[in-house]
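Enquirer: Quick one: the structure is below, questions incoming.
The values are calculated or read from the model by the stated rules, or taken from the named source; none is laboratory data. This is a predicted model, so every value here is computed, not measured. In this analysis, Cβ positions are derived from the backbone assuming ideal geometry, glycine residues included, and neighbour counts consider all displayed protein chains. Calculation scope for accessible area: heavy atoms of the full protein, side chains included, ligands and nucleic acids excluded. Shrake-Rupley method; radii C 1.70, N 1.55, O 1.52, S 1.80 Å.
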Amino acid sequence: MSQGKIVKVSGPLVVASGMEEADMYDVVRVGDLGLIGEIIEMREDMASVQVYEDTAGLGPGAPVVTTGAQLSVELGPGLIENIYDGIQRPLEVMHELYGNSITRGVDAPALDRKKKWHFVAQVSAGDEVEAGDVIGTVQETVVVEQRIMVPYGISGKVISIETGDFTVDETVCKVQKEDGSIEELTMMQKWPVRVARPYKEKLMPDMPLVTGQRVIDTFFPIAKGGVAAVPGPFGSGKTVVQHQLAKWADADVVVYIGCGERGNEMTDVLNEFPELKDPRSGESLMKRTVLIANTSDMPVAAREASIYTGITIAEYFRDMGYSVALMADSTSRWAEALREMSGRLEEMPGEEGYPAYLASRLAQFYERAGRTVSLGKKGRPGALSAIGAVSPPGGDISEPVSQATLRIVKVFWSLDAELAHARHFPAINWLNSYSLYLDRLAPWYEENVNKEFPQLRADALRLLQEEAELQEVVQLVGVDALSFEDRMKLEASKMIREDYLHQNAFHDVDTYASMEKQYLLMKMIMYYYNEARDAVGKGASFNRLAGLPVRETIGRFKYVEEKEIQKAYENVTQEIHQEIQELIREGGEDE
């Protein structure tokens, strides 16, 4: 542990001399208050430190002491339901100890050292174990079972292990390594946040992360272990989309990072998540959620730490064999922190003042997602899906953060302010968005939903694209100039937009649509369109086809309970067929 002295303070950046024994990314304590910081640059004995707390009052000559360890997170029982700040200090514990305003330099262990957890041994004395093997389990909440794994770099023979109640830092197992030394294992392990956790194998992302949101699951799906970006201007619904995904996505554990968000938005999350009922277990959503709250009034340097803390915790649960959904809201605030630190380090700026390494930092974050097989004799498949919100200034996605993100992620959900103002939720623009996972996921849809599904999706998307072209003609010469066939395309597209893509997040039934229901609703709309288009060709009245009562029934299908959808589908398709056949028999010209 070496000690240096401050020679310069520039906002969250502190430069200290006499730090020749320190290493890059070491955690240091700065000043008499012991503010937490991290070394981000070394030049001979001069260390540049980004401080994760307010540096007001610091001056030259104040001590800087290195801890000799990298910024790490504590992993073990007690993570779920907890709310941390960017450097994994538990906010509820800090509130109890220090009141509403957190005093600078204070610290609290991330995992409760006094609480006892019931540990159930899964191996016996004499068993050979290696890194990643599960030695025991702890029922952390009613929903999540914590699997206690052998830490990385340790293997050998179990000498003793027992089932019982222990705190996270008490020895639960002793392992004799090959060199004869004894390693005492606790339920807690530490991991440096900037280092990705190792795994045995990376798997192809060939199954979707089903979210229950029709525009996502049908048109722009994200794979389990995939990465997606949600860029959009202020007020377009980025946070609402992430809340819906956190609640409904097919994930066992949710890690929600509020990175530099406004205090009231994080307050909404903190108030809403405990109240939300987990649709899968009926318990509070917090029973499978870890929250990392880093608000915009906290020091900017802590934003970077919050992103890395969140993804490391998510990797830990993936190693247990869980499917994890990580929400980062928003990566633009993290990029702003990088820009500020880069400016204070006097580095050569890149585009719009962002550092030249912006894209590589974003890539390092997103590449830690994926479907993997964990270490250990019995490797467990797990998935970590990362969904990052991007907040481009003025909604202009040509700015560097959005562009760098789009070069990395494979799913782009483009939020549209006009759709949001028109109360169309989710406000994902179907003409600008895309998913590069479609071809890889097609076999899954064919096998688990229906063989027709990928083709139905392609037909519907083509209709929406043709509608955009026809709308340009309509604006020039009016709708009456179009042929009845083109006008029928407009009617069908309107049904796709209003009855299919529009979803009510506050409606008990419509907030989530199963894949089966999505398929039947889409098939129903396309069936109406194909029948009506044929009927127009056979001389049926276009106006009467467009005004058929069954169209209202189709629109109400999304409010049908899941258990009744098959019967409702059969009734509606029969009704469509009968009403259209009747119009064909009657014939008649349109006035």
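Enquirer: Here are some conditions: (1) farther than 13 Å from Ile83 by Cβ; (2) within 14 Å of the chain's Cα centre (by Cα); (3) of a type outside the set (Gly, Ala, Ser); (4) open to solvent by less than 10 Å² (accessible area, probe 1.4 Å). Tyr316 meets all but one. Which one does it not meet?
Expert: In the conditions (1) farther than 13 Å from Ile83 by Cβ; (2) within 14 Å of the chain's Cα centre (by Cα); (3) of a type outside the set (Gly, Ala, Ser); (4) open to solvent by less than 10 Å² (accessible area, probe 1.4 Å), Tyr316 misses (2) alone.
Enquirer: For residues that are open to solvent by 40 Å² or more (accessible area, probe 1.4 Å), within 29 Å of Ser101 (Cα to Cα) and either small (Gly, Ala, Ser) or part of a helix (DSSP H, G or I) (or both), tally how many sit in the stretch 266-289.
Expert: 8
Enquirer: Are any residues in the stretch 227-248 out of contact with any Lys or Arg (no Cβ under 6 Å at 6 or more places or on another chain), under 20 Å from Trp430 (Cβ atoms) and among the small types (Gly, Ala, Ser), and if so, which ones?
Expert: Once the filter is applied, which keeps residues that are out of contact with any Lys or Arg (no Cβ under 6 Å at 6 or more places or on another chain), under 20 Å from Trp430 (Cβ atoms) and among the small types (Gly, Ala, Ser), the stretch 227-248 yields Ala228, Ala229, Gly235, Ser236, Gly237.
Quick grid of which residues meet (1) open to solvent by less than 10 Å² (accessible area, probe 1.4 Å); (2) polar (S, T, N, Q):
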{"position": "Lys177", "(1), (2)": "no, no"}
{"position": "Ser181", "(1), (2)": "no, yes"}
{"position": "Tyr199", "(1), (2)": "no, no"}
{"position": "Met207", "(1), (2)": "no, no"}
{"position": "Phe219", "(1), (2)": "yes, no"}
{"position": "Ala223", "(1), (2)": "yes, no"}
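Enquirer: List pairs: first residue in the stretch 458-478 and closer than 14 Å to Met488 by Cα, second residue among the basic types (Lys, Arg) anywhere in the structure, Cβ distance under 7 angstrom, at least six positions apart or on different chains.
Expert: Qualifying pairs under 7 Å: Leu463/Lys489; Glu466/Lys489; Glu467/Lys489; Leu470/Lys489.
Enquirer: Mind listing just one residue for me: the one in the stretch 311-338 that is among the small types (Gly, Ala, Ser) and at pLDDT 95 or above and, of those, nearest to Ser10 (Cα to Cα)? Give the derivation first.
Expert: In the first step, residues of the stretch 311-338 are kept if they are among the small types (Gly, Ala, Ser); the result is 314, 321, 323, 325, 328, 330, 332, 335, 337.
Now narrow it down to the ones that are at pLDDT 95 or above: 314, 321, 323, 325.
Details: Ala314: 33, Gly321: 44, Ser323: 42, Ala325: 37 Å.
Applying the filter and picking the extreme gives Ala314.
Enquirer: Additional query: Within the stretch 191-198, is even one residue modelled with pLDDT under 95, farther than 25 Å from Gly153 by Cβ and in contact with a strand residue (DSSP E or B) (Cβ under 9 Å, 6 or more places away or on another chain)?
Expert: Taking every residue of the stretch 191-198 in turn, none turns out to be modelled with pLDDT under 95, farther than 25 Å from Gly153 by Cβ and in contact with a strand residue (DSSP E or B) (Cβ under 9 Å, 6 or more places away or on another chain).
Enquirer: Looking at this structure, is Val290 of a type in the set (A, V, I, L, M) and at pLDDT below 80?
Expert: Answer is no for this residue.
Enquirer: Of everything in the stretch 1-33 that's under 20 Å from Thr309 (Cβ atoms) and open to solvent by less than 60 Å² (accessible area, probe 1.4 Å), which residue is farthest from the chain's Cα centre (by Cα)?
Expert: Val30
Enquirer: Just one of (1) under 27 Å from the mean Cα position of the chain (by Cα); (2) within 30 Å of Gly136 (Cα to Cα); (3) not in a strand (DSSP E or B) trips up Glu74, so point out which.
Expert: Exception for Glu74: condition (3).
Enquirer: Then there is this: Return only the number of the condition from (1) under 27 Å from the mean Cα position of the chain (by Cα); (2) open to solvent by 50 Å² or more (accessible area, probe 1.4 Å); (3) farther than 21 Å from Ala422 by Cβ that Tyr527 does not satisfy.
Expert: With (1) under 27 Å from the mean Cα position of the chain (by Cα); (2) open to solvent by 50 Å² or more (accessible area, probe 1.4 Å); (3) farther than 21 Å from Ala422 by Cβ applied to Tyr527, the lone miss is (1).
Enquirer: Here is a list: Val172, Val193. Which entry is touching a residue at least 60 places away in the same chain (Cβ under 8 Å) and among the aliphatic types (A, V, I, L, M)?
Expert: Numbers: Val172 fails: touching a residue at least 60 places away in the same chain (Cβ under 8 Å).
Unique residue meeting the criteria: Val193.
Enquirer: When only residues in the stretch 227-260 that are open to solvent by 10 Å² or more (accessible area, probe 1.4 Å) and more than 16 Å from Asn504 (Cα to Cα) count, which is modelled with the highest pLDDT?
Expert: Val227
Let's see how each residue does on (1) touching a helix residue (DSSP H, G or I) at 6+ places or on another chain (Cβ under 6 Å); (2) farther than 26 Å from Lys174 by Cα; (3) open to solvent by less than 60 Å² (accessible area, probe 1.4 Å); (4) of a type outside the set (S, T, N, Q):
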| residue | (1), (2), (3), (4) |
| --- | --- |
| Pro77 | no, no, yes, yes |
| Glu81 | yes, yes, no, yes |
| Ile87 | yes, yes, yes, yes |
| Met94 | no, yes, yes, yes |
| Ala108 | yes, yes, yes, yes |
| Leu111 | no, no, yes, yes |
| Lys115 | no, no, no, yes |
| Ser124 | no, no, no, no |
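Enquirer: Given the conditions (1) crowded, with 20+ Cβ neighbours inside 10 Å; (2) part of a strand (DSSP E or B), and given that Thr211 satisfies all but one, which numbered condition is not satisfied?
Expert: Condition not satisfied by Thr211: (2).
Enquirer: Give, as residue ranges, the strands (runs of 3 or more DSSP E) completely inside the stretch 93-191 that count at least 3 residues that are within 27 Å of the chain's Cα centre (by Cα).
Expert: 134-139, 145-149
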